[in-house]
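Notes for the one structure printed next.
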Amino acid sequence: MTRTLIGLDYAGVASVKVSTDAYDPATTPDTTYGAWLYNSKFDPIRYCGAELIADAGGAPDVQYFPVGTGESDYQLKITNYVLTYYNFRNTWFDGLYYSMPIFSKKIVSLSGRFSGRIVRQYFGYEGRSGYLASTGAWQPGWYSGYYNGTENIGNGTRAWPDYDNSANPSGNLVLQVWNLPGNAEPIRDPPLDPVSGQTSVIIDSTTCRVAKPGYDANTASESELAFDSSVLPIKVVAANDVAVPSGVSSVPVGAIPDDCLVDVHFYSGSNIYYPVSPFLGASDPSIGAEYWLSGGQLHFDNSYGECRARYMVYASNNTGPTYGDNDVLRQFNDGTRDVVQFLRPGAGADPSFADIILDTRWPALRIVKQGYIPITADGYQEWSVSFDAGGAWPFVKYMTVHGSHYDDRGENWSAMIREPYVKRLYTNRPGSAGGAAGDTTYCRLSSSEARFYTYRGNPVRMFYADFEDYDNRRLSYWYDEAPIQGIRYYIFGIPQP
C-alpha cells in the first residue's frame with residue numbers, strides 16, 4: 001500500500017509525494033530516503049527514449065530523417081552500403097538538455113534477447129595476440145564536434161548493428177538515451193530553497209504540473225519542473241534482486257508490454273561489477289545471461305553457473321499517447337491494491353505509458369548520489385564513493401570522459417564520452433605481458449560504496465607485427481588516442497518490493 005500527499009509537507013513546502021504505507025508523507029523527513037516512491041523535491045530522472053539499430057537490408061544507400069532533410073540539416077542519417085551505419089545528431093532526441101548525455105548501446109539478438117556477451121578480437125601476426133572485451137569496446141562514443149572527412153555529425157553519436165565476421169547481421173543494437181549529463185556539466189536547474197508565495201503545484205482538468213522547489217509552476221521551463229504532462233519522470237514498473245540458476249528461468253514482472261526497457265546487473269557474492277567482472281575468462285565471463293520480456297515474465301538464459309540479477313523494468317515503450325476525456329487524477333483498484341494515477345490531460349480511458357505521469361504502483365527512479373571524478377594519474381588507480389541508499393538497492397551508471405582527438409586518418413572531435421568497458425590483452429605465448437588495457441574501467445558496487453578503477457596509460461593493443469617479432473618475442477603496442485580524463489557517475493536507488 002502507498003500514501004499520497006498533494007500539498008504542504010513537514011517543511012511547509014508545496015509538494016507531491018508518494019510514500020510506502022509505513023510512512024506519513026506529510027511528516028516524514030525527505031532524508032528518510034527509503035520512504036519515498038516519489039518526491040517532487042528530488043531532482044527527477046528523465047529518459048529520452050530508445051532507438052533500434054537494425055540492418056537496413058534493401059533500403060536506399062542513404063536515408064535522411066526527418067524526411068526532406070539532407071546532409072546539412074539531418075537529425076538521423078542511415079547509410080546502407082556493405083554495412084549499415086546510423087548517425088544520430090542531438091536534435092533527433094526531443095527535449096534533450098545536454099550536449100553529451102548518459103547513454104548505452106545494448107546488443108539484442110534477432111530473436112529479441114539482450115546479451116552482454118564478450119567480444120574476442122585478434123591482432124597481429126597470424127592472430128596470435130588480441131584482447132577480450134565487454135561490448136562497449138567496439139561501439140563509438142558520443143561526440144562534440146565530430147568530423148571524419150566525409151561524415152560531419154557535430155554533436156551526436158554513431159552506431160551499427162551487431163555483425164559477424166562475414167558482415168551479416170547477427171543481432172541488432174538498442175541505443176538508450178537518458179536526459180542526464182554524461183560529462184562534467186552539472187544537472188540543469190537543481191532544486192532551490194522554496195520561495196514564499198510561489199505556486200508550486202497546478203493540478204486541474206487541463207493542467208498537471210509541479211515545479212521543483214524554488215521555481216514557479218506558472219512560469220517554469222521544462223528543466224525547472226518536477227513533472228508536467230510532457231515532462232515525465234522515469235518510472236520503474238518492476239524491480240527486484242533475484243537468483244538466476246543455470247539454464248532457462250523466469251520471474252514474474254506483471255502485465256506489461258514485452259517492449260519495455262530493462263536494465264540488469266548480474267553478479268555473485270556481495271559486490272556488483274559494472275559493466276562486467278574484470279576477471280574475464282579465456283573466452284567469456286563466468287557470470288551473466290541473455291534476458292528478455294515475454295508474457296509478463298522476465299526470462300533468463302544462463303550458460304554459466306548460478307548468479308544473481310538486480311534488474312529494473314522501465315515504464316517506457318513504443319506506444320504513443322491515447323485520447324479521450326479522462327480526469328487528470330484517476331483512482332481505482334487494480335484487483336490487489338488501490339492505485340492513484342496522475343495523467344496527461346485528455347488521456348483516454350485506457351492510458352498508455354506516454355499518458356501516465358505518476359502511478360503509485362511504480363516508483364520513480366531517484367539519484368542517491370552523483371558526481372564527477374577527474375582522472376589525472378596513469379596506471380592502476382581507484383576511487384571510492386560512499387553513499388547512503390536509505391534502504392533502496394543501488395544501481396550504477398557512468399560514462400568515461402575524454403578530450404579532443406585529431407589523427408592523420410581524418411577522424412576528429414573536440415570532446416567525447418563513451419560507455420565503460422573492460423578489456424584484457426593477451427598473447428598465445430606464456431609469459432608475455434598482458435592484463436588490463438589502458439581504456440579499461442569498471443565499478444565495484446556494494447550497498448554503501450561505489451569504487452571505480454582505471455588503467456590510463458597502459459597499452460590498448462598488444463601484438464606481434466610479423467614472424468620475426470613473434471620469433472623474438474618482440475611486441476608492438478598501441479595506446480589510447482583519447483585517454484580518459486574523468487568519470488561521470490550516478491548511483492540510482494531502486495525501492496525494494
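The values are calculated or read from the model by the stated rules, or taken from the named source; none is laboratory data. Note that the coordinates shown come from a computational prediction; the quantities given were computed from them, not determined experimentally. With ideal geometry, Cβ positions are generated from the backbone for all residues, glycine too; neighbour counts draw on all protein chains shown. Just the protein is used for accessible areas: all its heavy atoms, side chains included, with ligands, DNA and RNA removed. Shrake-Rupley method; radii C 1.70, N 1.55, O 1.52, S 1.80 Å.
Across segment 75-86, the number of residues qualifying as assigned to a loop (DSSP other than H, G, I, E, B) and touching a helix residue (DSSP H, G or I) at 6+ places or on another chain (Cβ under 9 Å) comes to 1. Filtered by the rule that a residue be modelled with pLDDT of 95 or more and either over 30 Å from A239 (Cβ atoms) or out of contact with any Gly (no Cβ under 7 Å at 6 or more places or on another chain) (or both), segment 480-497 gives P483, I484, Q485, G486, I487, Y490, I491. Annotation: of all residues in segment 303-317 being open to solvent by less than 40 Å² (accessible area, probe 1.4 Å) and among the polar types (S, T, N, Q), the one that is nearest to I234 (Cα to Cα) is S316. Comparison of S200, S221, S170 shows that the only residue that is in contact with a strand residue (DSSP E or B) (Cβ under 6 Å, 6 or more places away or on another chain), closer than 30 Å to I417 by Cβ and of a type outside the set (F, W, Y) is S170. Within segment 186-210, being outside any loop (DSSP other than H, G, I, E, B) and either free of Cβ contacts under 8 Å to residues at least 60 places away in the same chain or among the β-branched types (V, I, T) (or both) holds for V201, I202, I203, R209, V210. Of all residues in segment 387-398, none are open to solvent by 60 Å² or more (accessible area, probe 1.4 Å) and among the basic types (K, R).
Within segment 459-494, the set of residues being within 29 Å of the chain's Cα centre (by Cα), crowded, with 20+ Cβ neighbours inside 10 Å and among the aromatic types (F, W, Y) comprises Y489, Y490, F492.
Taking the criterion of being part of a strand (DSSP E or B) and either among the polar types (S, T, N, Q) or surrounded by fewer than 19 Cβ atoms within 10 Å (Cβ to Cβ) (or both), the residues of segment 232-261 that qualify are N240, D241, V242, A243, G247, V248, S249, S250, V251, P252. Every listed requirement among (1) in a strand (DSSP E or B); (2) open to solvent by less than 20 Å² (accessible area, probe 1.4 Å); (3) farther than 22 Å from G145 by Cα; (4) not aliphatic (A, V, I, L, M) is met by Y426 save one, (2). Apart from one condition, Q63 fits all of (1) over 30 Å from G145 (Cβ atoms); (2) in a strand (DSSP E or B); (3) open to solvent by 30 Å² or more (accessible area, probe 1.4 Å); the exception is (1).
For the condition open to solvent by 40 Å² or more (accessible area, probe 1.4 Å) and farther than 22 Å from V339 by Cα, what is the one hit in A11, A56, A22?
The conditions single out A11.
Selection of strands (runs of 3 or more DSSP E) fully inside segment 318-370 by the criterion of at least 3 residues being out of contact with any Gly (no Cβ under 8 Å at 6 or more places or on another chain) and open to solvent by 10 Å² or more (accessible area, probe 1.4 Å) returns 329-333.
Let's see how each residue does on (1) in contact with a helix residue (DSSP H, G or I) (Cβ under 7 Å, 6 or more places away or on another chain); (2) farther than 19 Å from P213 by Cα:
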residue	(1), (2)
R3	no, yes
I6	no, no
W36	no, no
D73	no, yes
F88	no, yes
I107	yes, yes
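Scanning segment 473-497 for residues that are within 23 Å of F103 (Cα to Cα) and either among the hydroxyl-bearing types (S, T, Y) or part of a loop (DSSP other than H, G, I, E, B) (or both) returns D480, E481, A482, P483, Y489, Y490, P495.
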